[in-house]
Amino acid sequence: MKSSSESSDAYCLVCGKAVDHGGGFCRLAIGDVMVALCCPLCLDTFNGDKLRFEAKLRAKSEGLLDSQWFTP
Ligand SMILES: [Zn+2]
């Protein structure tokens, strides 16, 4: 089932919904991090607020935030 190393692409970057590996709507590479998006709507949201989501990702990869980084 799930591997022990849970990467960012297991959850939708925008809404935080769990996305099965290989599932979801699409995935993107931001730097060397793969992220998933669950639906076209979330892709829209991502495109409209790219900088914010990229900043979130960066903060996460630097260990500044834990897995609860989706909370508003
Ligand atoms: Zn989503």
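Derivation of every value follows stated rules applied to the coordinates shown; laboratory data play no part. Remember, predicted model here, so these are calculated numbers, not experimental data.
Report the convex hull volume per residue for the range 7-64, counting only C-alpha atoms, in Å³. Present the calculation step by step, with values, prior to reporting the outcome.
Numbers: hull volume 4.2 nm³, N = 58.
Each residue corresponds to 72 Å³ of Cα convex hull volume.
Pull up all non-local amide H partners of Y11: gap of 5 or more, or a different chain, and H-to-H distance under 5 Å with H placed in the peptide plane.
Hits under the 5 Å cutoff: V19, A36.
Which residues' amide hydrogens lie under 5 Å from the amide hydrogen of I30, considering only partners 5 or more residues apart or on another chain, with H built in the peptide plane?
Amide H neighbours of I30: V35.
If each residue of separation counts as 0.36 nm, what is the full-extension length gain between N47 and E62 once their alpha-carbon separation is subtracted? List each step's numbers first, then the result.
Working: separation 15, 0.36 × 15 = 5.40 nm, distance 2.27 nm.
Taking N47 through E62 to full extension adds about 3.1 nm, to one decimal.
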